[in-house]
Each structure stands twice: as structure tokens, then as C-alpha cells.
Amino acid sequence: MMAFLKLLARNRLALAGLIVMSIVVILAIITPLLPLADPDVTDTANRFKPPFSQEALLGTDHLGRDLLSRLMYGTRLSLAVGFAAAIIAATIGAAIGIIAGFYGGRTDNIIMRGVDMLMAFPYILLALAIVAALGPGLMNALIAVAAVNIPFFARNIRGITVGIAHKEFVDAARLAGMNDARIILTEILPNVIPVIVIAMSTTIGWMILETAGLSFLGLGSQPPQADLGSMLGEARSALITNPHTSIVPGAMILIIVMAINLLGDGVRDALDPRLKSGALERPMPTTRVQRTTEVPAAEGDPILALQKLKTQFHVKDRVYKAVGGVSLKVHPGECLGIIGESGSGKSVTALSVMGLVASPPGVITGGAVRFKGEDLIGAPYETLRSLRGEKVAYIFQDPLATLHPLYTIGQQLVEAVQSHHKTSRDEARTLAIELLKSVRIPNAENRIDSYPHEMSGGMRQRVGIAMALANDPEVIIADEPTTALDVTVQAQILSLLNDLRHERGLAIVFITHDFGVVAQLCDRVAVMYAGRIVEQGTTQEILDVPAHPYTKKLMECVPELGGGRRRLEAIPGLPPVVDKLPAGCAFADRCHKVQPACREGRLELAPYNGRHLVRCKFPETTQQELAQ
Ligand code: ADP
Ligand code: MG
């Protein structure tokens, strides 16, 4: 609740609306307690007194009634009727919408055609017809206003419910044996309540206006009872001669409706969960950079070099050090593996390269990323944009989430090509078919017109790879591209990537948590833990003599085909949370060789066996043992 108010308060206009509305509502509630004149007592001797006259602050109307008193009681009544109509319309409309959306099929058809019939009549005409049928009176006006707004809620909520009713968590609830009523109450309703509140907050203003409209026409509140609409209606005949009698209720309607609408917009923004973490800010096109020191260029001639890269997430007053000083190099034609448990910072490292970490909350706080020697951290957006996909391409884990569901894969491949090269549509399409063939999609000429949902997971992943290859990049960063696939498809994709790097001299950064995959594809490996590299060396060295206890444990997690009966080891405990990293070795709490010395001081990545680097005080095999 506090968080909600805080978010709301960031929107100045909404805050102003909230303050105005609170004052109006509080005044309306305490009206009977205030020392006001009786709003219905007529005093024809004192007709049309101007505002600020004695005993009548806002003047009097055509029957000499105190306008201030009538305004207060009228506001009270108008607000009460408006809110009541909104709540009734929202409750009934949402119930209809949920039932139609949840059951679908014929139920949906019958209900929604009924709703359509209501919607076919012009809004105010329908309200007039209802009041005409029921007879004039405030209660009937309320019913009419609520009734004409029900279709709006029903349509809105039905749409949302249809989307939710087919989600996996609803299926899971069904599998758990819940009945429909319980599913609607515990699974669907919590998801639609924010939408109902949003729809209500944006329509309450309308409902107050509509009620006022009916009263204005004499169909709502009946004399002598005052509401804002009837006050306007009665003042109509004196509009020119005594304008204050119209201005007083008119200004109040304006204030209320404006305040409610501003507040409603703010509520809508603050309730949208997608806007919560980003706090209503637009994500920036590149990751924010807050770097104090420059890093000198890397030695050798790598195509891509990460140097002491530090990426953090600044969430409120917490700092998550997702990447804490990572240095890596890849050369053309080389494949570098990054391996580590889930949450060790692999993806954030990969995304930092092209400034793709979402900001807020991501911030690159130090280090450099050099592509062919040029530092990309803090480079202008245009530079990064021209490199993204053209020179450095990504393959992501979940291709269904990265492919657009409404375009065919052909359209998306053509777009990928055309965003960097001026080619005709036909040429791009021919190229796209070539690409699909190169990733071994059978029958590429026909499959190019398929939508992502028409393909299997392995095929979609291959489309993802084809898209990464579209502009013949020099570096491919593959973030767990095979994790969601079965082993046979995985093997095909690995051999495909392997061929490509030999054929095209592609440099590959391959992220995985599976040592089996690393062994098949990578020349060198970096092992990550809690945002840092704990061991780095050639694949052979690391597979032969893993130095860090963590590396050894990771390898023991991999089953071997035909490797005899061996217990598969799991690593006890969980990776540390990266906003409070312990001193010394981050792995200490889970390590079987831990010593008191491990928990002190800073631990550096030190040479261990030739070019092999390790960040551990007590490696698995000591230097002496190695020498023997
Ligand atoms: P993985 O190695 O599985 O790819 P990630 O690189 O995705 O791990 O995440 C590294 C760390 O960064 C994790 O501890 C994660 O909790 C944290 N992290 C990732 N995204 C955010 C975010 N938007 N806000 C805060 N922390 C994040
Ligand atoms: Mg990841």
C-alpha cells in the first residue's frame, strides 16, 4: 500500500488529483456536521443574492436558498450516486466478463451478444430510456447509469480473463483438483482486480457526469433535493441574469471530474505491475554507465575483450553486484565457454557487452568492453546500434520469447537483414531461405512462411541462430541456446555452431551450465560464481585438472554415458545473493575444503598451472602434486 502511494506520488498531476479529491470527499462526508443553513428552506425575499453577501457566502438561488449549503449537500449526493453506480457497474460487469471469458464457447457467445445489444444503443439514450421506463428519481437514475456502464466493464474484463484462463497456472490449478468457483476466486480474480480498479478509476468521472446529466434533465434528483445536476438545471433560466447560480455547481463538477480523471490515470500507471520496477521511467536504449576510471587496451589482438567489467543493479537502496570485475578475451574462430550455476551472472555479463542490460536498474560501473580495440562502454547509442546484430549477434535461450508471434519467421529474418543493409525484399528473402538451409531447417522454402508457434522448440532455436547469422557477424554470444532442447537437437545445434566457426571464422561466446556442452564445443572455459570468474583456462586443462572446488563439483554433476555406476553429486547450499557478498571466497560456505583463511581478505585470480588461472587459496591439486 505504501509502495503504491509512493508510486502514485511520483506523478505530480495524480497527486494533485488525489489531494483535491480527498478534500472534496472529506467535506462531503462531514457536511451534516457543518454549521450550514438548511439547503431546502426557501426565502423568496432574498432571491438571487450575489456571492460574498452577508449570511450567504456563495449567494442564493431563485428561491432564496443558500447556495453554499446546497452545493455541499449536492456534492455529497452526486458523489454518493456516482460511486455507487461505479461499484455496481464494476461488480456486475466484472462478474459477467469473468464468467464469459472463463467458460468461453457458447456461454461466452450468448452473454457477449447480449452485452453487444446493450452497447448498440447510444449511451445516454439508453440511460434516458431506462429512466423513462422506471420513472424519474435519483435511485432510478443510479440504476440507469450503472446499467449503461456494465457492458464496458464486461467487455474489458472478458478480454483479460480469456487471456488468463488459458495460462499454465490455471491448468495447474485444474490439475490440482480445484473446482471452477475456486479457480475463479483464487486464480482469476486476483489477476483481474487491478484491471477492474483501473477501469473504475477512469470511469467514475463519467458516471458522475452522467448522473448530473440525468438530473439536469429533471430525471434524477427531484426538487427540492439538490444534486449538482439539478442545481445546474434549475439555474438554467437565470444563466444570463444571475450566472453565479450556474457557475457554482458547474465549477464543482469540473473540479471533481478533473481530479478523478487525473487520479485515475495515476492509479492506472501505479497499478500496472510492468511499470513498478522501472518506476514509470522509459527503459534507456543502452545500459547506463557510471565509470570513473579508464582501462588501458587489452594485450594481444582479440576480437572481443572484456576488461574488469562491473555491472550492478541499483534497486532502491540496494546494490546487486551481478558482475564483479570480469575479464575475458575471444579471438576470431575461437569458442569461449562461460559456465556457472543459474544466477552466477553469465547473462548479465553477456548483455553488458552491447549495453543491453535494462536500465534502470542496471548500471555499468567499471571496466571496458573492447570490440576490435574500440571501447564500447559509454559509446554513443548509434555506434552500439550499428554493431548490434551486424557485428555482434546474440542467440537467446528462449526463442519463443524473442520471436514476434504475429510475424512469420521469414518476415522477421528479412527485417533483421534490412535493418542493417539496403537490400530489396526479394534479395533479403532469398538470403533468409539460404540462412534457414544453413541451420538445416528442412523444406526451408515453405517453412519460411510459418509462424513461430507452428514450429517445434528445436526449429525455433535454429531460427534464432539463423537470425543471429543473418548479417554475417564476427562474434556470436549464445546465452544457453540449447538448455531448453533435448540432447539430440542440442547435438545438432552444437555441431552447426562448430561448423560455422570453422567455415566463417566466427568467434563464439557460449554460455551454459553444462560441462558436457563445453567439452564438445569450447576451446577455452571461464567458470563463473557470484559474478566473478573463479577459474579460467583451456577446456582440456580444466577438464583434466580442475583446480577450483566449485569447478570440480560442477563436473561431478554431469552424468557420463557408459561411465559406470557413479553417484551424481549435487552441490549443497545455494549461490550467495549478490547484494551482500561475504569477504574472501564467495564459495566458502558451500566448499568441502573451506579453511578459516578462505573468509578473509581479497582473493585474486592467480596463475595455477601454466596459463590456467584460479581464484582459490587451496586448489584441488597443489602445485607440488602437479609437478610430480
Ligand atoms: P545467469 O548466470 O543465470 O545468467 P544472471 O546473469 O541472469 O544469471 O543474473 C546474475 C545476478 O543478477 C543474479 O543474482 C540475479 O538475481 C541478478 N539480477 C539479474 N537481473 C536483475 C534485476 N533486474 N534486478 C536485480 N537483480 C538482477
Ligand atoms: Mg542466464
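Of note:
- Cβ-based charge dipole, the chain, positive-most Cα from Gln595, His502, Gly114: Gln595
- The chain - charge dipole about Cα centre, Lys and Arg +1 at Cβ, Asp and Glu -1, debye rounded to 20: 740 debye
- Accessible-area order (highest first, 1.4 angstrom probe) of the listed residues Leu5, Leu521: Leu5, Leu521
- Rg [Å, one decimal], Dmax [Å, integer] - the stretch 1-115, C-alpha atoms: 22.1, 67
- Surface accessible to a 1.4 Å probe, Glu454 within the full protein complex, Å²: 100 Å²
- Efficiency of FRET between Asp43 and Leu217 - r from beta-carbon atoms, R0 35 angstrom, step 0.05: 0.80
- Given Lys321/Lys437; Lys167/Lys308; Lys167/Lys553; Lys310/Lys372; Lys321/Lys553, the pairs whose alpha carbons are separated by over 32 Å: Lys321/Lys437; Lys167/Lys308; Lys167/Lys553
- Entry note, the chain: the mean residue ellipticity at 222 nm calculated from DSSP H runs of n ≥ 4, each adding -39500 (n - 2.57), is -15500 deg cm²/dmol after division by the residues and rounding to the nearest 500.
- Residues Ser495, Ser53, sorted by accessible area with the largest first, give Ser495, Ser53 [1.4 Å probe; ligands and nucleic acids excluded].
- Hydrophobic long helices, here whole DSSP H runs in the chain with Kyte-Doolittle means of at least -1.0 and Cα atoms spread over 30 Å or more along the helix axis, are found at 67-103, 138-165, 189-216, 244-271.
- Residue order for His62, His404 - accessible surface, 1.4 angstrom probe, largest first: His404, His62
- Positive-end residue of Leu309, Ser78, Val348, charge dipole of the chain with Cβ unit charges: Leu309
- Each of Pro380, Leu574, His421 was placed along the dipole of the chain (beta-carbon charges, centred on the mean Cα), and the one lying farthest toward the positive end is Leu574.
- Treating r as the C-beta distance of Val315 and Glu600 and R0 as 35 Å, the FRET efficiency rounds to 0.75.
- Computed in the context of the full set of protein chains, the accessible area of the chain at 1.4 Å probe radius has 60% of its extent on carbon or sulfur.
- Percent of beta bridges antiparallel (DSSP, the chain, rounded to nearest 5): 60 percent
- Here is the size of the chain from its Cα atoms: Rg then Dmax, 34.0, 118 Å.
The values are calculated or read from the model by the stated rules, or taken from the named source; none is laboratory data. Small disclaimer: the values here were computed from a predicted structure and weren't measured. Quick reminder, even Gly has a Cβ in these numbers, built from the backbone with ideal geometry, and neighbours come from all protein chains shown. To get the accessible areas, we keep the full protein, side chains included, count just its heavy atoms, and leave off ligands, DNA and RNA. Shrake-Rupley method; radii C 1.70, N 1.55, O 1.52, S 1.80 Å.
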